[in-house]
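These notes concern the structure reproduced below.
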Protein chains: 4
Amino acid sequence: MDQHTAILLIHCPDHPGIISSVSEFIFNNNGNIITLEQHVEEFEKHFFMRVEWDLENFAIPSDKIKEFFNTLVAKKFKMEFTLCFNDFVPRVALFVSKYSHCFFDILSRYESKEWKIEIPVIISNHDKFRYVAERYKIPFHHIPITKATKAEAEAKEIQLLQEHKVDLVVLARYMQILTTDFINHYPNQIINIHHSSLPAFAGAKPYESAYKRGVKLVGATAHYVTEDLDAGPIIAQEVRPVTHREGLADLKRTGKNTEKFVLAQAIWLHLNHKILSYKNKTVIFS
Amino acid sequence: MDQHTAILLIHCPDHPGIISSVSEFIFNNNGNIITLEQHVEEFEKHFFMRVEWDLENFAIPSDKIKEFFNTLVAKKFKMEFTLCFNDFVPRVALFVSKYSHCFFDILSRYESKEWKIEIPVIISNHDKFRYVAERYKIPFHHIPITKATKAEAEAKEIQLLQEHKVDLVVLARYMQILTTDFINHYPNQIINIHHSSLPAFAGAKPYESAYKRGVKLVGATAHYVTEDLDAGPIIAQEVRPVTHREGLADLKRTGKNTEKFVLAQAIWLHLNHKILSYKNKTVIFS
Amino acid sequence: MDQHTAILLIHCPDHPGIISSVSEFIFNNNGNIITLEQHVEEFEKHFFMRVEWDLENFAIPSDKIKEFFNTLVAKKFKMEFTLCFNDFVPRVALFVSKYSHCFFDILSRYESKEWKIEIPVIISNHDKFRYVAERYKIPFHHIPITKATKAEAEAKEIQLLQEHKVDLVVLARYMQILTTDFINHYPNQIINIHHSSLPAFAGAKPYESAYKRGVKLVGATAHYVTEDLDAGPIIAQEVRPVTHREGLADLKRTGKNTEKFVLAQAIWLHLNHKILSYKNKTVIFS
Amino acid sequence: MDQHTAILLIHCPDHPGIISSVSEFIFNNNGNIITLEQHVEEFEKHFFMRVEWDLENFAIPSDKIKEFFNTLVAKKFKMEFTLCFNDFVPRVALFVSKYSHCFFDILSRYESKEWKIEIPVIISNHDKFRYVAERYKIPFHHIPITKATKAEAEAKEIQLLQEHKVDLVVLARYMQILTTDFINHYPNQIINIHHSSLPAFAGAKPYESAYKRGVKLVGATAHYVTEDLDAGPIIAQEVRPVTHREGLADLKRTGKNTEKFVLAQAIWLHLNHKILSYKNKTVIFS
């Protein structure tokens, strides 16, 4: 696949003629649409669209597409839009605490080049996985956090993310709550994995709560982090059946498999520009 | 299958020798165990067991098994137990309001003899489905309920259930909350279907809440009714994936399929004496 | 929903400008697109599309849309297309043998108006369900089939389907193989449910084969009937986990639940014009 | 969990008194049963059982249990049985070719001590992953295989497995077919992952076949290797839904996630002595 493509993620109030205008913009400038997907939210009548086209003979230079699209199409429909390119290699920062399963899984996918990403920095509130980062020659920063040092620690983290030009932050079972200030630096750019099928068992110790309640399904939820704890836009979630025979350790073991898969799925969707987040919900293009 | 079997559902504090005592009791009296399944809850060390055996050459007459088992085995281990027979045909009352999907599904299974049950009575707070009951020649009682008439209405319902010697009450999307008094008449004998994957979206309008929250899974939960609304022991639950493309009507349509299946699954488990309910959780034998 | 809409199902070799041409055709004639979904098959570069638009202010009269679209758009791209209207009420014939689960489920959905269909005729090679058809006041035809009478029997069936102006034939566990001649009368208009996850266990007795092989999943497949037995385009399929504890009767019981659901799902997709069948595969629009 | 337990896996023709005899054997010698699970295959009336008990006060020394059980119980019922201990640490050999996803996943679980195993040797027909083995300080043997060298290569492999006292061989997407001779050295001790939901798409290139057939589910199957290719006893299998939108690369990507999970699940079941393999099927205890 050395096809060079552009991707537009668009949303705006619904209005006749949007698809026609966008597809003409591409076609008239010699672009060939590879996929176009749209959605209208039924209650608010809000319009969402993802369109990807081949840039090979596209008449508008890549660095001018944004300006041209804005002037010729977006303004008319009051669109908010993001333009991405399929050959962009995003820079992903990993945050981890003491659980390895998501962390190892992400590094395995990175090592096998399943994902086209750079991992310029790993940050942890523990020193446990320094040796792993060294194995991959990725800078590792041990930044312990206490109530007293939280502001200072986060400032240091943000500085690191900025130095390393990070595009996406992945909380791979990072057991610290981020402040609103931190989150505001990376809106819709921080993905967390919660070890329950939200909104069930939000907060800490979801497996313990699930065991106590005697549910027959346990799951995991990947979501963008917002200032409302465990209430950000859900990207992906999945459950597995469990029975009374599964003790607490079994729930956790089963859950870990789901967490790994769901977090990886969410990262893949984000990396492939398939997510539009709007008012605490997501539109996931296929 | 004209094999005649007995089924014991047992629970007690865990103690060495329980399985040995029970299996000896059966073997020594010429019973052949068909299935034996046990479980020990890890924190409370509480023991659960289901054992089914062939009565063909069993030395103790069926109407004496309870007494003999109690004297010879149960007392020693402080067991609580229920004795059932596989040829017992339970009498099931259906409660329904205005949604037909679970109601029709149950009647279809009844009509096709998928389940060996009698349905001696159908009760509804609306008159809508009287014609359906008549089709099956099942007595139908329209008992409207308002705040003012609730006590009186429930008294009438309980009287009907008693007259018809009902063993199990199935709330097939019955849109009324039962009082504690009603529930106490039928402990672990009232099965409800809730249209969410509890504990998520307990209460009314779960699909609306699920749509609003933007979850990627919708489901249903069958549970025994207890005085805590939507918090009774969970028997079965299942979810299906949904996307942003599913509007509210689609969530409901998808959900109805799950409700039908989950409620039928729970009824089947109950009818086959596969459920032990203990302290707001269930042990589901296989 | 009293919105009146038109739906175009299109396929043709991929070519730049298709989406633009179609969306312009709609927009320029005052149609508002409700959903547009497209797909390009990666190896053959074949293009598929479903577009639905509001007809309220559409400039072209409904009975002229086909001609205009053909002249103005379809010819240019060598499209094959089908035009449907959301208020069309399809006429569905049910074929059934002796299993009731799919049959009852479809009738329940029909009775509850979950689907907007007419069922003008029920055909069976047994007389068993005549009383059910009578309950719904649907003409029932008992057409027994032997090797010797097959041609004659099918001729009678086709005549009935034509008399009743049937748009869709549903084989609700109809245990007869249709001849190529019969099938050719209703291309992509006959839906069958096979009681396995095809291509596994094609042919007769799939549950027996699944039990023998010791698989851990059993399922069902709904597909359009083609002259290759059990090899037609797959519309929907689903499996459920099973264990060694499930005997043959349990596999069948579990399977029936899946069959019901999968067949209903396939019918719903067909009724909503969401299926494009091409070269033994389906594109299922969402 | 420093509880020290013994596990018996038993099978024999069904006969009254088996459970009673086994549980008495344990109880009379001061063992406390932790879990007991049995199964009778319905057609052959063959009996299967797994029982685990606490050895703390068990009267028979661990190295004598086998002899005593054989003499006192097994002979009487013509049992075949295996005795295992929960503190035994099995030695697992990994075979890998060029796909890393299962290989990395297993090593991650090993590194995080999710499984109590030793990995004394990694064998590959390519040199690609030598650096990974070195990272974990596990001996790596590159044994290329051609038709001409197969016998010799396998002889070398068997020698390595014997030298390293290997208990379980895991084929983590090892792209070579083992000879019957090799397989006979490790009956029910070689686990393979096949990238389809067997028996569908047995043999090579299952994703290509699945894509071509247009199935709506893709999956993976972990099974013991027998001399019949892809026909050994199935341990675990799972599928995921796919649509026409998933191209071949997507099927493979989705499939890899399933392969990883299913293989890990099968290994876990084997390591926990939860599998009884009998006549090409498995009984999986819970």
If you wrap a convex hull around the Cα atoms of the stretch C:110-246, how much volume per residue is inside, in Å³? 142 Å³
Delta accessible area of at least 30 Å² on complex formation, residues of the stretch A:193-208, 1.4 Å probe, chain isolated as reference: A:P199, A:A200
Net charge of neighbours whose Cβ lies under 9 Å from the Cβ of D:H101, counting Lys and Arg as +1 and Asp and Glu as -1: +1
Where nothing but the Cβ of Lys and Arg (+1) and of Asp and Glu (-1) is charged, how large is the charge dipole of the stretch B:146-286 around its Cα centre, in debye to the nearest 20? 620 debye
Span per principal axis, largest first, for the Cα atoms of the stretch C:1-159 (Å): 55, 38, 27
With +1 at each Lys and Arg Cβ and -1 at each Asp and Glu Cβ, the charge dipole magnitude of chain D around its Cα centre, to the nearest 20 debye, comes out at 1080 debye
For a quick check, take a GNM of chain C with Cα springs below 10 Å and name the residue from C:K256, C:K75, C:K116 with the largest mean-square fluctuation. C:K75
Considering only protein heavy atoms and a 1.4 Å probe, what is the carbon-and-sulfur percentage of the accessible area of chain A? 52 percent
C:R253 to D:A231: FRET efficiency via 1/(1 + (r/R0)^6), r the Cβ-Cβ distance, R0 22 Å, to the nearest 0.05? 0.25
Counting residues in the stretch B:120-173 as N, plug N into 2.2 N^0.38 Å and put the Cα Rg over that result. 1.13
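Report the calculated FRET efficiency for A:K113 and B:A202 (r = Cβ-Cβ distance, R0 = 45 Å), to the nearest 0.05.
0.50
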Over chain C, the sum of -39500 (n - 2.57) across DSSP H runs of at least four, divided by residue number and rounded to 500 deg cm²/dmol, gives at 222 nm -9500 deg cm²/dmol
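Give me the tail of P(r) for chain D as a percent: Cα-Cα pairs with distance above 27 Å.
The answer is 47 percent, as a whole percent.
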Debye, to nearest 20: dipole size of the protein assembly as shown, +1 on Lys, Arg Cβ, -1 on Asp, Glu Cβ: 0 debye
Are there residues in the stretch D:20-37 whose accessible area shrinks by at least 50 Å² when all protein chains are included rather than the chain by itself, and which are they (probe 1.4 Å, ligands and nucleic acids not counted)? D:S20, D:F27, D:N32, D:L36
So which of B:K212/C:K76; B:K274/D:K252; A:K78/C:K78; B:K150/C:K252; A:K260/D:K116; A:K150/A:K256 end up more than 32 Å apart, counting from Cα to Cα? B:K212/C:K76; B:K274/D:K252; A:K78/C:K78; B:K150/C:K252
The stretch D:259-286: which residues show an accessible-area loss of 40 Å² or more, assembly versus chain alone, 1.4 Å probe? D:K260, D:F261, D:W268, D:K281, D:S286
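For the stretch D:31-171, what is the relative contact order in percent, using Cα pairs closer than 8 Å and at least 6 residues apart in sequence?
21 percent
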Convex hull around the C-alpha positions of the stretch B:239-286: the volume in Å³ per residue is 91 Å³
Could you report chain D's accessible area per residue, 1.4 Å probe, as an integer in Å²? 42 Å²
Residues whose built amide H sits under 5 Å from the amide H of D:D87, excluding neighbours closer than 5 in sequence, are D:T5
For chain A: relative contact order, % (alpha-carbon pairs under 8 angstrom, 6 or more apart): 15 percent
Let a ≥ b ≥ c be the square roots of the eigenvalues of the Cα gyration tensor of the stretch B:5-85; is it rounded (a/c under 1.5), or, if not, prolate (a/b larger than b/c) or oblate? prolate
How much accessible area is lost when chains C and D come together, counting both sides, with a 1.4 Å probe, in Å² rounded to the nearest 100? 2800 Å²
Report, as a whole number in µm² per second, the diffusion coefficient that Stokes-Einstein gives for the protein assembly as shown at 20 °C and 1.002 mPa s using the Kirkwood radius over alpha carbon pairs. 66 µm²/s
Please report how far the C-alpha centroid of the stretch C:67-99 lies from that of the stretch D:109-159, rounded to the nearest whole angstrom. 58 Å
Karplus-derived HN-Hα couplings along the stretch D:163-174 (A = 6.51, B = -1.76, C = 1.60, θ = phi - 60°), whole Hz, x at Gly and Pro: 4, 8, 6, 6, 9, 9, 10, 10, 8, 8, 6, 8
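The values are calculated or read from the model by the stated rules, or taken from the named source; none is laboratory data. All values reported here derive from a predicted model rather than from experimental measurement. Here Cβ is always computed from backbone atoms with ideal geometry, including for glycine, and neighbour counts include all displayed protein chains. Areas reflect the complete protein model, heavy atoms only, side chains present, ligands, DNA and RNA absent. Shrake-Rupley method; radii C 1.70, N 1.55, O 1.52, S 1.80 Å.
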